[in-house]
1. Just to verify a result, which residue in segment 135-149, among those that are without any contact (Cβ under 8 Å) to a residue 60 or more places away in the chain and either within 6 Å of ligand 1 (Cβ to nearest atom) or part of a helix (DSSP H, G or I) (or both), is nearest to Lys17 (Cα to Cα)?
2. Tally time: how many residues in segment 2-34 are part of a loop (DSSP other than H, G, I, E, B) and open to solvent by less than 10 Å² (accessible area, probe 1.4 Å)?
3. Considering only segment 135-157, state which residues are surrounded by 17 or more Cβ atoms within 10 Å (Cβ to Cβ) and of a type in the set (Gly, Ala, Ser).
4. Sort out which residues of segment 235-257 are in a helix (DSSP H, G or I), over 22 Å from Gly33 (Cβ atoms) and open to solvent by less than 80 Å² (accessible area, probe 1.4 Å), and write them in order of number.
5. So in segment 320-341, with the set limited to residues that are more than 13 Å from ligand 1 (Cβ to nearest atom) and open to solvent by less than 10 Å² (accessible area, probe 1.4 Å), which one is farthest from His213 (Cα to Cα)?
6. Just for segment 160-196: of the residues that are assigned to a helix (DSSP H, G or I) and either without any contact (Cβ under 8 Å) to a residue 60 or more places away in the chain or crowded, with 20+ Cβ neighbours inside 10 Å (or both), which one is nearest to the chain's Cα centre (by Cα)?
7. Restricting the search to segment 56-88, which residues are within 11 Å of ligand 1 (Cβ to nearest atom), of a type outside the set (D, E, K, R) and surrounded by 16 or more Cβ atoms within 10 Å (Cβ to Cβ)?
Amino acid sequence: MSTSSNLVVEKFYEQYKSAARLFYSPGRINLIGEHIDYNAGFVLPAAIDKGIWYAVAPNGTNSARFYSVDLDEHLEISLDNIHPIDGWQNYVLGVIDQAQQRGLIIKGFDCAFGGNIPIGSGLSSSAAVECGLLTALNEVFSLGLDRKTIALMGQKAEHTFPKVMCGIMDQYANMMGKMNHVILLDCLTIEHRYLPLSLEEYSIILINTKVHHSLASGEYNVRRQQCEQGLKTLQSFYPDAKTFRDITPEQVQEHESDLGGDIFKRCLYVTQEIARTQKAALLCEANNLEGLGKLMYETHEGLSKLYDVSCPELDFLVEQARKYPEIIGSRVMGGGFGGCTINLIRKEHWNTIVETITTEYKSTFDIDAEVYEVATSDGTYEAIGG
Ligand code: ADP
Ligand code: MG
């Protein structure tokens with residue numbers, strides 16, 4: 001999928017015969033801190049140079065009209081009757097619903113959108129859809145929302161319409177991204193700090209397994225429930241612990257039999273990952289990318305063996321990566337069960353190495369993996385010249 005800003009503007013004009021304002025809404029990577037945004041942990045995401053373009057203009061009616069350029073699908077809906085509709089529609093309608101719930105006035109508008117984030121691959125196309133639209137509406141109708149509020153409303157929209165109980169990381173990275181920086185987000189206080197990211201001789205390469213095991217969204221909600229249940233059990237032993245942040249991996253280990261098989265594994269992973277991410281932030285600040293990369297490999301191990309959200313295709317890519325000293329870090333990124341691995345690779349020869357890996361991948365799984373080199377970007381912004 002490679003819809004450009006020009007194509008979105010062109011399609012907007014073709015559909016609605018008027019000029020529009022243009023917005024860029026980025027996808028995101030996450031260096032480390034996986035499945036802990038909903039467990040009071042820390043994450044290290046960054047907005048990237050793959051995203052969704054939105055062309056939006058008021059239309060003087062009481063209806064919203066959407067055109068999804070990537071899917072070539074339309075939706076027209078009265079603003080007096082916003083309700084869930086399965087598919088991409090839920091991601092845009094959920095956002096309008098959130099605005100209306102807050103008593104904000106959204107008037108009729110036309111919208112065309114599309115971009116180049118691979119969908120459902122762990123780059124958070126959903127948050128880009130949500131926050132891109134809300135930012136556009138915020139500007140076009142002068143709603144007066146700040147960036148953090150938009151991120152929170154985007155998250156709520158995903159909870160209420162498509163009913164994915166996502167954490168705050170995706171929307172936050174989409175709105176708060178800063179070029180050449182990663183965001184150290186404290187998911188408990190929802191406060192952040194920027195850490196400069198100077199990659200120098202390294203590149204960030206994503207390898208897309210091109211598999212999307214259907215387990216993904218159901219299992220995501222199951223993991224959340226398991227963590228909630230595990231935390232309750234642990235709190236009965238440590239009543240002062242408000243969240244997983246107040247519990248150590250050693251304490252989890254002491255209560256293995258109280259927690260029981262799967263829940264024990266989930267809790268152990270979460271507490272280890274919270275500690276790991278704090279370590280990673282220090283390494284990132286000291287520009288010790290090799291140290292950070294080692295922790296990325298550890299995270300993959302935890303996600304695969306303890307949190308059980310990997311799959312043979314992802315494990316294969318990470319195992320291959322381990323063979324090359326040039327690949328200093330590799331792990332599954334995003335919810336899991338498919339999607340991409342994120343790799344920190346020495347710039348020199350990265351193409352050759354990754355090509356060898358994807359050739360091996362093809363001969364093992366008969367799938368053509370996709371490879372993307374990504375750079376960091378600012379959070380959602382209005383593009384000049386739309
Ligand atoms: P991701 O990891 O990419 O966020 P999700 O499953 O959370 O994956 O969200 C993907 C959903 O978001 C898609 O199924 C679709 O409904 C919507 N979506 C994402 N990108 C686009 C797009 N370019 N055009 C239309 N809908 C999109
Ligand atoms: Mg998503």
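1. Asn138
2. Residues meeting the conditions: 4.
3. Answer for segment 135-157, where residues must be surrounded by 17 or more Cβ atoms within 10 Å (Cβ to Cβ) and of a type in the set (Gly, Ala, Ser): Ala136, Ala151, Gly154, Ala157.
4. Gln235
5. Applying the filter and picking the extreme gives Ile327.
6. Once the filter is applied, the top-ranked residue is Asp170.
7. Phe66, Tyr67, Ser68, Val69, Leu75, Trp88, listed by residue number.
Table: residues versus (1) under 24 Å from Glu360 (Cβ atoms); (2) β-branched (Val, Ile, Thr).
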| residue | (1), (2) |
| --- | --- |
| Ala281 | no, no |
| Asp308 | no, no |
| Leu317 | yes, no |
| Ile327 | yes, yes |
| Arg331 | yes, no |
| Gly336 | yes, no |
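The values are calculated or read from the model by the stated rules, or taken from the named source; none is laboratory data. Model, not experiment: these values are computed from the prediction. Virtual Cβ from ideal backbone geometry, glycine too; neighbours counted across all protein chains shown. Side chains included, ligands, DNA and RNA excluded: accessible areas come from the protein's heavy atoms. Shrake-Rupley method; radii C 1.70, N 1.55, O 1.52, S 1.80 Å.
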